[in-house]
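Each value in this text was obtained by applying a stated rule to the coordinates, not by laboratory testing. For clarity, every value in this text was computed on a predicted model and none was experimentally measured. In this analysis, Cβ positions are derived from the backbone assuming ideal geometry, glycine residues included, and neighbour counts consider all displayed protein chains.
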Amino acid sequence: MKKNTFKVKVITLFPESFPGVLGVGVIGRALKKKIWSLKLFNPRDYAKDNHKSVDDTTSGGGPGMILRADIIGKAIDASLRGVKEKKKISLINLTPRGKPITQKDIKRFTKKNELIILCGRYEGIDQRVLDFYKFDEYSLGDYILAGGEVAAQTVIEAAVRLLPGTLGDKESLKDESFSQDLLEFPQYTRPRIWKNLKIPEELQSGNHKLISEWRMKNSLKLTQKIRPDLLKKYKKNKTTKK
């Protein structure tokens, strides 16, 4: 039985920025193969005035402008039109104040039929929109972008590459960083010697057990050096499973 196309809908003031990087490489090919689909909703299409204004001043005073609930709400309603089971949809807003997004979150998105992403701009979105539609808020990291479009493309790419048929080899997902709460081990290819630096002998031994041990050892070593928080999580989960 063929799996249904994974639907991605993006609410953005800059639809021209899509598909962007999503239109190239394996993600672009998956789009052409209809493994996933992309539909864009521009809030300006629902603005009534001649200037297509979608924002207004901050209530209580303050710098910048806020995206209006009435206009953004109409764009969201349009994206939800025809949806029968809201339980099978992920509604997310990408914002610096959101919780850090993880690979487990990305995997959870792919278990649903649709992913709807709201891209913020200016000083933010009227809170009533987020409360009414029950958007989950996520952040890519502790930094601020000019808008949510780049972040949205990042999340979409991360999700699409997990969909069956996107990557040719299922094994390529197996040992990736974060798949087991560890960073991926170092990778090498020919030439065997480059600038007097050699490929580790273990990887050229042909001994699968030795190669596997080397990869695990170096995965642990790299995780300890760069992400000790992940290593702590890995050890905790390993202890729990025993």
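The table below gives the values:
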| item | result |
| --- | --- |
| Alpha-carbon centroid distance for the pair the range 21-90 / the range 186-232, whole angstrom | 43 |
| Residues GLU85, GLU184 arranged by fewest to most Cβ contacts within 10 Å | GLU85, GLU184 |
| Relative exposure of LEU22, LEU118, judged by other C-beta atoms within 10 Å (fewest first) | LEU22, LEU118 |
| Sparse-neighbour loop sites [trypsin sites (Lys or Arg not before Pro); the range 120-154; at most 10 other C-beta within 10 Å; DSSP] | LYS134 |
| Helix-only [θ]222 nm of the chain, DSSP H runs n ≥ 4, -39500 (n - 2.57) each, per residue, nearest 500 | -10500 deg cm²/dmol |
| Relative contact order [Cα under 8 Å, 6+ residues apart], the range 175-241, whole percent | 38 |
| Net charge dipole size for the chain [Lys, Arg +1 and Asp, Glu -1 on Cβ; Debye, nearest 20] | 1400 |
| Amide H contacts of ILE35 (H built 1.01 Å from N, under 5 Å, at least 5 apart or other chain) | none |
| Charge dipole (the chain, unit charges on Cβ, about Cα centre) - positive-most of HIS208, HIS51, GLN224 | HIS208 |
| Beta bridge orientation in the range 46-158: antiparallel %, DSSP, nearest 5 | 25 |
| Order of SER219, SER212 under a 10 Å beta carbon neighbour criterion, fewest first | SER212, SER219 |
| Nearby aspartates and glutamates by direct alpha-carbon distance to LYS235 (threshold 14 angstrom, same-chain neighbours under 8 apart not counted) | ASP181 |
| J(HN,Hα) series, the range 189-203, from Karplus relation 6.51 cos²θ - 1.76 cosθ + 1.60, nearest Hz, glycine and proline x | 8, 4, x, 5, 10, 9, 6, 6, 9, 9, 5, x, 4, 4, 6 |
| DSSP-loop GluC sites (Glu not before Pro) across the range 88-170, with at most 16 other Cβ within 10 angstrom | GLU123 |
| In sequence order, calculated HN-Hα J values of the range 111-124 (Karplus, 6.51, -1.76, 1.60; Hz; x Gly/Pro) | 7, 8, 7, 9, 10, 10, 10, 9, 9, x, 8, 6, 8, x |
| Bridge type composition, the chain - antiparallel percent by DSSP, nearest 5 | 20 |
| Relative contact order, percent, the chain [alpha-carbon distance under 8 Å, six or more residues apart] | 19 |
